[in-house]
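Have a look at the structure below, then the notes.
Every number in this text was worked out from the coordinates using simple rules, so none of it is lab data. No experiment lies behind these values; they were computed from the predicted model shown. Methodologically, a virtual Cβ is constructed for each residue, glycine included, from the backbone with ideal geometry; neighbour enumeration extends over all protein chains shown.
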Amino acid sequence: MTESYKSMENPLERLVNESGKNSADVLCPKENCKCIILRKNAATLVERDGSKLALPESSLPANSLLEDDDTHFWHVGNMMDFENVGFSTTIGTTKYLSCADCDLGPIGYHDTTDPKEFVISIKRAKYRF
Ligand SMILES: [Zn+2]
């Protein structure tokens, strides 16, 4: 059973555990895709400038496109911390991340000037508790 961010009540309370990590598996937001992006407890909640995600052409379904308030992200410091992730275009110093199975994206980005900066938008995902 998975839940989308939008259908959740108090998502920030439910999705973040006492250590500031993800309390649920983070999956691709596409309805029928079961690709796991991050395992439970693998990433830390951080705040970032969400405007980077507004730049590229998005393949996300129209109803999951969100306003420019994507400021909460799951952060990992190493590509190997992802369970699955795909890379799409790079624009400037921003390399966009997509679903490894269905290519849906962008769901997050990697800042190529910082080898430890990989983030997935908390809203562009669904969750399995
Ligand atoms: Zn997918």
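See the values below:
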item	result
Debye-sum result for the chain in log10 I(q)/I(0), which assumes one identical scatterer on each alpha carbon, at q = 0.10 Å⁻¹	-0.26
Magnitude of the charge dipole, the stretch 2-128, Cβ model with Lys/Arg +1 and Asp/Glu -1, debye to 20	360 debye
Sequence-distant aspartates and glutamates (8 or more away, or on other chains) whose Cα lies within less than 13 Å of LYS52	GLU67, ASP68, ASP69, ASP70, ASP111
Nonlocal amide H pairs with ALA42, under 5 Å, H built at 1.01 Å	ASN22
Mean Cβ neighbour count within 10 Å, used as a protection proxy, ranking 36-49, 102-115, 8-21, 76-89 highest first	102-115, 36-49, 76-89, 8-21
Unsatisfied cross-links (Cα-Cα over 24 Å) in the set LYS30/LYS123; LYS6/LYS34; LYS34/LYS123; LYS6/LYS116	LYS6/LYS116
